[in-house]
1. Condition first: surrounded by 20 or more Cβ atoms within 10 Å (Cβ to Cβ) and either in the same structural domain as residue 38 (by TED's automatic domain parsing) or within 24 Å of residue 147 (Cβ to Cβ) (or both). Can you find one or more residues in the range 188-196 that meet it?
2. Could you tell me which numbered condition residue 114 fails, if it satisfies all but one of (1) under 23 Å from the mean Cα position of the chain (by Cα); (2) at pLDDT below 95; (3) more than 28 Å from residue 169 (Cα to Cα)?
3. Filter the range 85-110 down to the residues that are modelled with pLDDT of 95 or more and under 18 Å from residue 236 (Cα atoms) and list them by number.
4. Using the structure shown, decide if residue 236 is surrounded by fewer than 14 Cβ atoms within 10 Å (Cβ to Cβ) and either touching a strand residue (DSSP E or B) at 6+ places or on another chain (Cβ under 8 Å) or farther than 20 Å from residue 28 by Cβ (or both).
């Protein structure tokens, strides 16, 4: 065997060993208790993986999202069907995972495709700074309510507004927990309606009628495929919306609850700043995360 062939063989063996020894963790994000919040798989030293292998591992984990940390610090976010430029609970959970190797760090920067996201730690909690909010289309409550299985009077007298801090969400404020529990999405009508031009990634339902009196709002994020127990990107949109419309005071940190109606209680911390000219900025979303599993990948490919 030639020297070049030998080196090629050894390199291939080394790559297979590295892949076999690839470490992973599972974190429950936006909770201080195991088996609450939104679970996240985090794979480390993932440089040798193909896109197909990342999708395969994501589907194997069977969580809403999974992240892959490269040796240069870049982080890729996958769902079972697509790669995302940004998502809230993967960023926060990955920051907690990275901090295990530097427990005294006060800030971790998570470099996702959309750009670097700073995550600041205070004790066992952390807050991530999201992109400057964009306020987009406003919709007629009388049109939207029936598509949610509700009556217009079930909605608060606040705009049904599309807001984005990286991933656009239609914010709908409901009057009561009864309305929140009674939603029945008409996905066909919603898809047809939004196909007319509004770019959004889903409906984020909010109500001030909370289960915990210490929470400012209760939230639900339901898609045709699943219900999300905690949605960090949508929570950023909600923070901007709530401060813009005076539901939450500018600059204060409030608690949002989500996931309780599906048995995965989550606690998200929100804040945003409204300037004198009405501009909203400094949108932050955070909370706690709990490590529940860790292990190594045995076989890929």
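The values are calculated or read from the model by the stated rules, or taken from the named source; none is laboratory data. Model, not experiment: these values are computed from the prediction. In this analysis, Cβ positions are derived from the backbone assuming ideal geometry, glycine residues included, and neighbour counts consider all displayed protein chains.
1. The first filter runs over the range 188-196 and keeps only residues surrounded by 20 or more Cβ atoms within 10 Å (Cβ to Cβ), leaving none.
Taking every residue of the range 188-196 in turn, none turns out to be surrounded by 20 or more Cβ atoms within 10 Å (Cβ to Cβ) and either in the same structural domain as residue 38 (by TED's automatic domain parsing) or within 24 Å of residue 147 (Cβ to Cβ) (or both).
2. (3)
3. 89, 90, 91, 92, 93, 94, 95, 109, 110
4. When the stated conditions are applied, residue 236 does not pass them.
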